[in-house]
Amino acid sequence: MSGTAEAKGAVEWLASAAPDPESCRWEWERNPLGVTLLPAGRLWDVLIVSAELGHPALDVLTCCLDRPGPVLADFGDARLGFFVPPGTASRWLGTGIRCAGHGTWIVVPYPGRVTGGTRWIVPPDGRGTLNDPVVLELAMHEAAARIADSGPGGG
């Protein structure tokens, strides 16, 4: 799938999470920041982790998979948000990880456009591919182990 077709598919997929997809697309097109609020818990949940853990975990995922599911970085890259299947947030047990599920809203940038704040590190593929929570958890454990090994007294 070409980048343009993928971005168009990503826009359609993300907008379908909105209560009114047509209104969402209209608002998104006109928002000068290139972002919109979308509800979590319908098509996806988001696990939000610090950049210190998120970037190494994404590196592990990228080594293990052809392509991870969608990943956002917030303004200033302080936190990363991994899109996971709906319901994951209510079951996730992890220290220092915020979960956005049913009843929460996420600032989502328009795929394929540069915005001044929140940005896609891994944009949606337009087919609804998400990060597998089990694989993501293993990637986070591996990333945490690497961080611990490279810290004071580590390898």
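The values are calculated or read from the model by the stated rules, or taken from the named source; none is laboratory data. Keep in mind the model is a prediction, meaning the values are calculated, not measured. Glycine also receives a Cβ, built like all others from the backbone with ideal geometry; neighbour counts cover every protein chain displayed. With ligands, DNA and RNA removed, areas are computed over all heavy atoms of the protein, side chains included. Shrake-Rupley method; radii C 1.70, N 1.55, O 1.52, S 1.80 Å.
With respect to the conditions (1) surrounded by fewer than 14 Cβ atoms within 10 Å (Cβ to Cβ); (2) modelled with pLDDT of 95 or more, GLY101 lacks only one, and its number is (1).
Annotation for region 105-113: no member residue is in contact (Cβ under 8 Å) with a residue 24 or more places away in the chain, under 14 Å from GLY54 (Cβ atoms) and open to solvent by 70 Å² or more (accessible area, probe 1.4 Å).
When region 87-119 is filtered for residues that are under 27 Å from THR4 (Cα atoms) and either in contact with a strand residue (DSSP E or B) (Cβ under 8 Å, 6 or more places away or on another chain) or among the basic types (Lys, Arg) (or both), the ones remaining, listed by number, are TRP105, ILE106, VAL107, VAL108, PRO109, TYR110, PRO111, ARG113, THR115, GLY117, THR118, ARG119.
Residue-by-condition table, conditions (1) farther than 12 Å from ILE106 by Cβ; (2) open to solvent by 50 Å² or more (accessible area, probe 1.4 Å); (3) modelled with pLDDT of 95 or more:
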residue: GLU12; (1), (2), (3): yes, yes, no
residue: ALA40; (1), (2), (3): no, no, yes
residue: TRP44; (1), (2), (3): no, no, yes
residue: ALA57; (1), (2), (3): yes, no, yes
residue: CYS64; (1), (2), (3): yes, yes, no
residue: ARG67; (1), (2), (3): yes, yes, no
residue: VAL71; (1), (2), (3): yes, no, yes
residue: PHE82; (1), (2), (3): no, no, yes
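Residues in region 17-36 that are under 19 Å from LEU130 (Cα atoms) and either open to solvent by 40 Å² or more (accessible area, probe 1.4 Å) or of a type in the set (Lys, Arg) (or both): 0 in all. Within region 11-62, the residues that satisfy the criterion of being of a type in the set (S, T, N, Q), over 16 Å from the mean Cα position of the chain (by Cα) and over 22 Å from PHE75 (Cα atoms) are SER16, SER23. With respect to being touching a Lys or Arg at 6+ places or on another chain (Cβ under 6 Å) and more than 20 Å from LEU138 (Cβ to Cβ), ALA17 fits the description.
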